[in-house]
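First the structure, in the form of structure tokens, and then the observations on it.
The values are calculated or read from the model by the stated rules, or taken from the named source; none is laboratory data. Not measured: the values here are computed from a predicted model. Quick reminder, even Gly has a Cβ in these numbers, built from the backbone with ideal geometry, and neighbours come from all protein chains shown.
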Amino acid sequence: MPSWTRVDLAPGVALYVEAEGDALRRAIFRPSTPQGWNEDERKDKDPLLKQAAVELKQYMAGKRRVFSLPFELDGTEFQCRVWAELIKIPFGELSTYAAIAKNLKNPGAVRAVGAANGKNPLSIIVPCHRVIASDGSLAGYSGGIEVKRMLLRREGIEP
């Protein structure tokens, strides 16, 4: 049975983190508890969820660049390949949807890369916020463009 916690990253910015077994499964931005998440399953003291909260707060404070949390990604083969590329983007650097498509040896899949990026189940931990459009615009983000801008600034990038 999954358990979850809420991590407040900034005023008005909450990340809901879900774990199942020994791995994180989801980290999603929401203004309130996600639909279907039962308050009885909130486990703020679960060791893995507690560590997730610590690492996310360290990241937001500029004291962490890489996450050490165990996680599992559940998606299509293509989505998982895109997410594996996201994990390779170093702290403080950007990539583009086109560059990721090219890395996947499928340069025509720019829109599919964008769609997979948008389905990333582990915001921040799998750094989809580091992907921008080829023209330099921020494009979409599950937490909203202002949250994406805030995360990039935390990494020293002025979008």
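For the range 131-159: of the residues being of a type in the set (A, V, I, L, M) and not in a loop (DSSP other than H, G, I, E, B), which is surrounded by the most Cβ atoms within 10 Å (Cβ to Cβ)?
So in the range 131-159, the residues of a type in the set (A, V, I, L, M) come out as 131-133, 138-139, 145, 147, 150-152, 157.
Still in the running and not in a loop (DSSP other than H, G, I, E, B): 131-132, 145, 147, 150-152.
Working: Val131: 26, Ile132: 20, Ile145: 13, Val147: 20, Met150: 17, Leu151: 24, Leu152: 20.
Ranking the qualifying residues of the range 131-159, first place goes to Val131.
Restricting to the range 37-93, name every residue that is touching a residue at least 60 places away in the same chain (Cβ under 8 Å), not in a loop (DSSP other than H, G, I, E, B) and not aliphatic (A, V, I, L, M).
Tyr59
Within the range 127-143, track down each residue that is of a type in the set (S, T, N, Q) and either free of Cβ contacts under 8 Å to residues at least 40 places away in the same chain or closer than 17 Å to Ala101 by Cα (or both). First the steps, then the outcome.
Going through the range 127-143, the residues of a type in the set (S, T, N, Q) turn out to be 134, 137, 142.
Matches in the range 127-143: Ser134, Ser137.
When only residues in the range 94-118 that are within 19 Å of Leu152 (Cα to Cα) and either of a type outside the set (Gly, Ala, Ser) or not assigned by TED's automatic domain parsing to the domain that holds Gly143 (or both) count, which is nearest to the chain's Cα centre (by Cα)?
Asn117
Yes or no: the range 38-45 includes at least one residue that is at pLDDT 95 or above, closer than 28 Å to Ser137 by Cα and either under 14 Å from the mean Cα position of the chain (by Cα) or surrounded by 13 or more Cβ atoms within 10 Å (Cβ to Cβ) (or both). Spell out how you get there, then give the answer.
The initial filter retains those residues of the range 38-45 that are at pLDDT 95 or above, namely 42-45.
From the residues that got through so far, the ones that are closer than 28 Å to Ser137 by Cα too are none.
Within the range 38-45, none of the residues are at pLDDT 95 or above, closer than 28 Å to Ser137 by Cα and either under 14 Å from the mean Cα position of the chain (by Cα) or surrounded by 13 or more Cβ atoms within 10 Å (Cβ to Cβ) (or both).
Residues to consider are Phe29, Phe91; find the one that is within 23 Å of Ala139 (Cβ to Cβ), in contact with a helix residue (DSSP H, G or I) (Cβ under 9 Å, 6 or more places away or on another chain) and surrounded by fewer than 17 Cβ atoms within 10 Å (Cβ to Cβ). Don't jump to the end; show me each part of the working.
Values: Phe29 fails: surrounded by fewer than 17 Cβ atoms within 10 Å (Cβ to Cβ).
Criteria check complete, one pass: Phe91.
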